[in-house]
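S.K.: Provided herewith is a single structure, encoded as structure tokens, for subsequent inquiry.
We did not get these values from a lab; they are worked out from the coordinates using the rules stated. Everything quoted here is computed from the prediction, not taken from an experiment. Glycine also receives a Cβ, built like all others from the backbone with ideal geometry; neighbour counts cover every protein chain displayed.
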Ligand code: GLY
Ligand code: MN
């Protein structure tokens, strides 16, 4: 945890921004794996971590703005807890480590809330994303239909969007682990191995650095399946793998990195063209990212660069900037350029993508690819985000667009047939927006990225 004063300051700022009422932030509970006593690994809620820092199940933070009190609801360890889990800190000690002096038993929370409601206090809460908390919150508040507080959402985003030096140091630490992961994954890639043999090593490195992955590993010779969690393919020369792997620290700050490499260690001529185009798009977006530019415009610059590369390959015809505006590259990059990252890999996504990533009045596009852009608003110093362009050849999507005659003046569908089995390619790093531009995080341990750098390490 950070020093208690950090959490106190964050809560004070939240209280000041909201002005009145009560903030109710429940932490997560254990989630059953197949029955309640056998659970998934515990993952605390990002907002609870931000304002209370405590990484244990079964607690709730209450900020009573009207009374000027912060309270931690939880429970003192019972003798059964101690028998099964060993010595545990008291609720008072836990609260103290977060700068909170008032504690209550969690079973007293419903009556506390009822009392607040009877006094006419507004209770601000977020929409739960676990079913158990949804039911619990409904019962606690005697409210069948939960309605999240937009004021709370906005006040949280107003803090969590700007990363402090301490948070950036955490993210650099998670990237140092991710670099070790890539070192292993790249060196151990060799034809004949199963993907899961590499994934096993990946998970082991995260665990042996006292952390876990920030999301399920993506490691596949079928990189055109964007979130592919199947690891049963045998890697073969001629194929390339998309590896999208990011560790999180013990404090749950995330990293999110993607590299693509040829199984044989040498890119084919077509793979080189695709890879270099994606790298050009990445560099174009990274060069453009700075305070004031809408991230949507960085996405369009990446798309334009991809259109230029695909034009050189004979797949597209026309003006690349016009094609980007119209959405033609969405066939090849049907996802957004990137997203905020922090305590969640898609930071704060549970608060609502549009609140996090779109400025008031900024419309979300309906174009393939652009509609999935989670961060579109003008960038500001202190944001940490991913830049992750890609090119994919997705046969069912190509077939659908061709059947519809979509953008047939721009897309040479006959030429595209030569590429339909090329799979996918993505390159991703994490960037801090500074006063003047964008600084790649993890630069001290940078994972190979140019064609020459990548070829130098695969299978070595
Ligand atoms: N790392 C997976 C994603 O950004 O969606
Ligand atoms: Mn990402």
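S.K.: At what distance in angstrom do the alpha carbon centres of region 316-389 and region 111-177 lie from each other?
M.R.: Taking the Cα centre of region 111-177 as reference, the centre of region 316-389 is 24 Å away.
S.K.: Give me the number: length gained by fully extending residue 434 to residue 418, i.e. 0.36 nm times residue separation minus the C-alpha to C-alpha distance, one decimal in nm. Before the final figure, lay out each step's value.
M.R.: Numbers: separation 16, 0.36 × 16 = 5.76 nm, distance 4.24 nm.
My answer for the length gained is 1.5 nm.
S.K.: Can you list, bin by bin at 10 Å, the percent of alpha carbon pairs in region 237-396, starting at 0?
M.R.: Here the calculated profile for region 237-396 is 10, 37, 35, 15, 2.
S.K.: A further question follows. How would you rank 7-15, 54-62, 85-93, highest first, on the average number of other Cβ atoms within 10 Å across their residues? Before the final figure, lay out the partial values.
M.R.: Details: 7-15: 18.2, 54-62: 20.0, 85-93: 12.2.
Per-residue Cβ counts within 10 Å, averaged per peptide and sorted highest first, yield 54-62, 7-15, 85-93.
S.K.: Give me D for region 87-244 in µm² s⁻¹, whole number, from Stokes-Einstein with Rh from the Kirkwood sum over alpha-carbon pairs, 4 °C and 1.567 mPa s.
M.R.: 64
S.K.: Output the 0 to 90 degree angle, nearest 10, between the alpha-carbon long axis of helix 150-160 and the longest principal axis computed from the alpha carbons of the chain.
M.R.: 70
S.K.: What distance in nm separates the simple spin-label points at residue 13 and residue 408, each placed 7 Å from Cα in the Cβ direction?
M.R.: 5.5
S.K.: Now a separate question. Residue 114 versus residue 321, label points 7 Å from Cα toward the beta carbon: distance in nm?
M.R.: 6.6
S.K.: Grab the Cα-Cα distance for residue 107 and residue 453, subtract it from 0.36 nm times how many residues apart they are, and report the gain in nm with one decimal.
M.R.: Values: separation 346, 0.36 × 346 = 124.56 nm, distance 5.71 nm.
Full extension of this stretch gives 118.8 nm more.
S.K.: Right, next: Could you list 112, 73, 332, 40 so that the one with the fewest beta carbons within 10 Å of its beta carbon is first and the one with the most is last? Present the calculation step by step, with values, prior to reporting the outcome.
M.R.: Details: 112 18, 73 23, 332 32, 40 10.
Listing 112, 73, 332, 40 from fewest to most nearby Cβ atoms yields 40, 112, 73, 332.
S.K.: Taking every alpha carbon pair in region 301-370, what does the distance histogram look like in 10 angstrom bins from 0, in percent?
M.R.: Calculated over all Cα pairs of region 301-370, the distribution is 19, 40, 27, 13, 0 percent.
S.K.: Once every DSSP H run of n ≥ 4 in the chain is given -39500 (n - 2.57) and the sum is divided by its residues, what mean residue ellipticity at 222 nm do you get, rounded to the nearest 500 deg cm²/dmol? List each step's numbers first, then the result.
M.R.: Details: 16 runs with 177 residues, N = 460.
Value at 222 nm, helices only: -11500 deg cm²/dmol.
S.K.: For region 383-460, what class follows from the C-alpha gyration tensor (a ≥ b ≥ c being the square roots of its eigenvalues): rounded when a/c is under 1.5, otherwise prolate if a/b is larger than b/c, else oblate? Mind showing how you got there, number by number?
M.R.: Working: a/c = 3.65, a/b = 1.75, b/c = 2.09.
In terms of gyration-tensor shape, oblate.
S.K.: While we're here: Sort 240, 84 so the one with the fewest other Cβ atoms within 10 Å of its own Cβ comes first.
M.R.: If I rank by nearby Cβ atoms, fewest first, I get 84, 240.
S.K.: Right, something else. In whole angstrom, how long is each semi-axis of the equivalent ellipsoid of region 34-119, when you take the square root of 5 times every eigenvalue of its Cα gyration tensor and sort them from largest down? Could you put the intermediate results ahead of the total?
M.R.: Numbers: eigenvalues 118, 44, 40 Å².
For region 34-119, the semi-axes come out at 24, 15, 14 Å.
S.K.: Now, a different point. Using just the alpha carbons, could you tell me how many Å³ per residue the convex hull of the chain encloses?
M.R.: Working: hull volume 73.4 nm³, N = 460.
Given the Cα convex hull of the chain, per-residue volume reads 160 Å³.
S.K.: If each of residue 88 and residue 272 carries a label point 7 Å out from its Cα toward its Cβ, how far apart are those two points in nm?
M.R.: Distance between label points: 6.0 nm.
S.K.: Over the Cα atoms of region 74-173, each weighted equally, I'd like the Debye log10 I(q)/I(0) at q = 0.12, 0.22 Å⁻¹, rounded to two decimals.
M.R.: Results for region 74-173 at q = 0.12, 0.22 Å⁻¹ read -0.65, -1.20.
S.K.: Using only Cα atoms, tell me the angle between helix 109-118 and the longest principal axis of the chain; keep it within 0 to 90° and round to the nearest 10.
M.R.: 80
S.K.: Now, a different point. When the chain is fully extended, how far beyond the present Cα-Cα distance does residue 183 get from residue 196, taking 0.36 nm per residue of separation?
M.R.: Working: separation 13, 0.36 × 13 = 4.68 nm, distance 1.63 nm.
That pair, residue 183 and residue 196, stretches by 3.1 nm at full extension.
S.K.: Which translational diffusion coefficient, to the nearest whole µm²/s, is obtained for region 224-313 from the Stokes-Einstein equation, given a Kirkwood hydrodynamic radius over C-alpha pairs, 4 °C and 1.567 mPa s?
M.R.: Values: Rh = 15.4 Å.
Answer, rounded: 84 µm²/s.
S.K.: Another one. By how many degrees, between 0 and 90 and to the nearest 10, does the Cα long axis of helix 131-141 differ from the longest principal axis of the chain?
M.R.: Taking Cα atoms only, the helix is inclined about 40 degrees.
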